[in-house]
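The values are calculated or read from the model by the stated rules, or taken from the named source; none is laboratory data. None of these values were measured; they are calculated from a predicted model. Quick reminder, even Gly has a Cβ in these numbers, built from the backbone with ideal geometry, and neighbours come from all protein chains shown.
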């Protein structure tokens, strides 16, 4: 019988040194096509990318470091002596790439793969011997992010890390509701799948990783796509054909949600969020398949399926306390239809001085246009601008007092629609500047003198408002035509084009957007005039969260008029908003939620003590429940007993905290404008 003390120490005692002689026999080597493609990519980047970068020794060091980061960013496989043996390549990669020499990349990868295979086999052996009556009561912790750590001195040091990783994986599964025997079976399947997939790696996989370690130094949107990736690009990246409508990427061993396609199945379902990690995929009522450690294209293949069928995703939410906090989301597969992306209207009703005030709201999920109907010359083709014009007319017929254009979660779309939509609110003028790789600046604008709406206007944005949304919001802000409210936008201010190669294709950043003020929308996005607390982690979502993102800069401003003295009103508007933020139960709740989420995201390590993990989870749940009941009490509502009892008001604009406050800010603007007019008279 093993004593409790022995069981507590067992994971560390079981750790054993790795041997590599029989772990993985096959060495991958590059093909002639890949060697030629490497030279082609060097040439295209030198002459076609927006940013001028010289391929020299300095860039060679960056390629070397980035390639190692792509392979072993958490420093869990390589040791310091192994890294030192690769140091001979640090200053050679620039010359090698120009010659199409891929020797270094494949040598590094082959050792990496050997190490991974051996490590998985070691984990499987440790798991097999792990006692099913183990007690998780050690006062120890696992560091989550080791990016800034030094490389391990030897494999014995890594053994201790992997012992903790195994223990944490089992504890996370146990905390999610499994007994230890089932947790071992689940983890065994996961490791076996990872072993199978790493041994199925082909030379093209290595080439793509290495090329992107190089191309992404120019900017994160410049990417090499292998022949297979090129063929399935739209499906793999957007899942727009019989999928869920999500942009995915690989992060460590997880599949991470980057963004949702507006109007797509996932967006409409409302549960999947950016920065969520997908760890399992199930078909209809079948068992969920664990996909931790899978290749991105394999996860995508599982998510795709027949139209109208259901896919179940097991995810770790972006704001989860740790990896034991998971949930299952069901999404019905479908194609993204134009009508699902269409703008729609609603009205927020507010009380002011005993009178009901009506604030019109137009929600624009994406900037769309029916290109096929437009090319055919049909007069009734659908587009964002045409739909919004009709909605404005309908809202004006209902005698609204002000208008909010809701661009939250709008990831962009057709540039021409952002341009023409601005024209509904200004007489005529420039809307955006586009600077290409050669430095030429083209100015796009609205040539139409007509204005569809000249009343009080607000634009509501958040961290997921990107690209075309930022062009529209930036133009409205620069013209002082309306007030921009919300949280800092995504910051995607670049334009890409796809260049075919003899082997695969290259997605290349060719241009950059600038506002009429001369400021770029790149990196910084649009900063609202009045900011709301954001529940989206800016360190995880947004252009500034992406490594090697192109910087913010300026070009010459375009002459433009200003439609209001908004800058004079802003101090008063901010002061009134701040007073409400300190008194209004909903706004106080929003700020408290942001503080709580930031606390949860700041955690750098997880305890390996089951009681401590449970206590921390219960504390955070209790804190969230207390915040909700504090809000409900202040509003005269009955308290709830569980977080799951919170009602869903997603479809009611009068229950939307941000929309309601935006309406109040508009009413403040109207009052200030009326006061200024009275003084002028």
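Across region 420-442, the number of residues qualifying as closer than 17 Å to residue 511 by Cα and either touching a helix residue (DSSP H, G or I) at 6+ places or on another chain (Cβ under 9 Å) or without any contact (Cβ under 8 Å) to a residue 12 or more places away in the chain (or both) comes to 8.
Of the residues 360, 411, the single one that is touching a residue at least 40 places away in the same chain (Cβ under 8 Å) and either part of a strand (DSSP E or B) or in contact with a helix residue (DSSP H, G or I) (Cβ under 6 Å, 6 or more places away or on another chain) (or both) is 360.
Contact map, region 35-63: residues that are free of Cβ contacts under 8 Å to residues at least 12 places away in the same chain paired with residues that are crowded, with 17+ Cβ neighbours inside 10 Å and not in a helix (DSSP H, G or I), Cβ distance under 8 Å, separation 6+ or inter-chain. Pairs shown: 46/55.
A search for C-beta distances below 7 Å between a residue of region 658-681 that is assigned by TED's automatic domain parsing to the domain that holds residue 591 and any residue that is part of a helix (DSSP H, G or I), counting only pairs 6+ apart in sequence or on different chains, returns nothing.
With the requirement that a residue be assigned to a loop (DSSP other than H, G, I, E, B) and either farther than 18 Å from residue 586 by Cα or modelled with pLDDT of 85 or more (or both), what does region 641-681 give you?
Across region 641-681, the qualifying residues are 641, 642, 656, 681.
Against the test of being exposed (fewer than 13 other Cβ atoms within 10 Å of the Cβ) and either touching a helix residue (DSSP H, G or I) at 6+ places or on another chain (Cβ under 7 Å) or in contact (Cβ under 8 Å) with a residue 24 or more places away in the chain (or both), the options 588, 635 yield a single qualifying residue, 635. For region 503-543, filtering for residues that are in a loop (DSSP other than H, G, I, E, B) and within 21 Å of the chain's Cα centre (by Cα) leaves 19.
A single member of 182, 148 is over 23 Å from residue 279 (Cα atoms), assigned by TED's automatic domain parsing to the domain that holds residue 45 and either assigned to a strand (DSSP E or B) or at pLDDT below 95 (or both), and it is 148. When every residue of region 461-474 is checked against the conditions, none turns out to be assigned to a loop (DSSP other than H, G, I, E, B), in contact with a helix residue (DSSP H, G or I) (Cβ under 6 Å, 6 or more places away or on another chain), more than 30 Å from residue 224 (Cβ to Cβ) and not assigned by TED's automatic domain parsing to the domain that holds residue 570. Filter region 426-439 down to residues that are more than 31 Å from the chain's Cα centre (by Cα) and in a loop (DSSP other than H, G, I, E, B) and give me whichever is modelled with the lowest pLDDT. Residue satisfying both the conditions and the ranking: 428.
Just one of the listed residues (161, 187, 171) is at pLDDT 90 or above, assigned to a helix (DSSP H, G or I) and farther than 17 Å from residue 290 by Cα, and it is 161.
Output the residue which, of all residues in region 380-399 that are more than 25 Å from residue 433 (Cα to Cα) and in contact with a helix residue (DSSP H, G or I) (Cβ under 9 Å, 6 or more places away or on another chain), is surrounded by the fewest Cβ atoms within 10 Å (Cβ to Cβ). Among those that are more than 25 Å from residue 433 (Cα to Cα) and in contact with a helix residue (DSSP H, G or I) (Cβ under 9 Å, 6 or more places away or on another chain), it is 380. Name every residue in region 520-530 that is surrounded by fewer than 20 Cβ atoms within 10 Å (Cβ to Cβ) and at pLDDT below 95, in order of residue number. Hits for region 520-530 are 523, 524. Within the set 394, 352, the sole residue that is touching a residue at least 60 places away in the same chain (Cβ under 8 Å) and within 23 Å of residue 669 (Cβ to Cβ) turns out to be 352.
Of all residues assigned to region 206-216, none qualifies as being modelled with pLDDT under 95, outside the structural domain of residue 522 (by TED's automatic domain parsing) and more than 27 Å from the chain's Cα centre (by Cα). If residue 308 meets every condition in (1) part of a loop (DSSP other than H, G, I, E, B); (2) modelled with pLDDT under 85; (3) more than 30 Å from residue 644 (Cα to Cα) apart from one, which number is that one? Among (1) part of a loop (DSSP other than H, G, I, E, B); (2) modelled with pLDDT under 85; (3) more than 30 Å from residue 644 (Cα to Cα), residue 308 violates only (3).
Each residue in region 605-617 was checked for being within 28 Å of the chain's Cα centre (by Cα) and in a helix (DSSP H, G or I), and 3 pass.
Condition check ((1) part of a loop (DSSP other than H, G, I, E, B); (2) modelled with pLDDT under 95) across all residues:
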{"residue": "98", "(1), (2)": "no, no"}
{"residue": "101", "(1), (2)": "yes, no"}
{"residue": "104", "(1), (2)": "no, no"}
{"residue": "107", "(1), (2)": "no, no"}
{"residue": "111", "(1), (2)": "no, no"}
{"residue": "127", "(1), (2)": "no, yes"}
{"residue": "131", "(1), (2)": "yes, yes"}
{"residue": "134", "(1), (2)": "yes, yes"}
{"residue": "137", "(1), (2)": "yes, yes"}
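Kindly indicate whether residue 450 is in a loop (DSSP other than H, G, I, E, B) and either touching a helix residue (DSSP H, G or I) at 6+ places or on another chain (Cβ under 9 Å) or modelled with pLDDT of 95 or more (or both). Against the criterion (in a loop (DSSP other than H, G, I, E, B) and either touching a helix residue (DSSP H, G or I) at 6+ places or on another chain (Cβ under 9 Å) or modelled with pLDDT of 95 or more (or both)), residue 450 does not qualify. State all residues of region 628-640 that are closer than 16 Å to residue 590 by Cβ and either in contact with a strand residue (DSSP E or B) (Cβ under 7 Å, 6 or more places away or on another chain) or assigned to a loop (DSSP other than H, G, I, E, B) (or both); if no residue qualifies, say none. The answer is 635, and nothing else.
Considering region 553-585 alone, what residues qualify as being surrounded by 13 or more Cβ atoms within 10 Å (Cβ to Cβ) and part of a helix (DSSP H, G or I)? Let's see the steps before the verdict.
Residues of region 553-585 surrounded by 13 or more Cβ atoms within 10 Å (Cβ to Cβ): 553, 555, 557-558, 560, 563-564, 566, 569-570, 572-574, 576-577, 580-581, 584-585.
If the condition is that a residue be surrounded by 13 or more Cβ atoms within 10 Å (Cβ to Cβ) and part of a helix (DSSP H, G or I), then 566, 569, 570, 572, 573, 574, 576, 577, 580, 581, 585 are the ones that fit.
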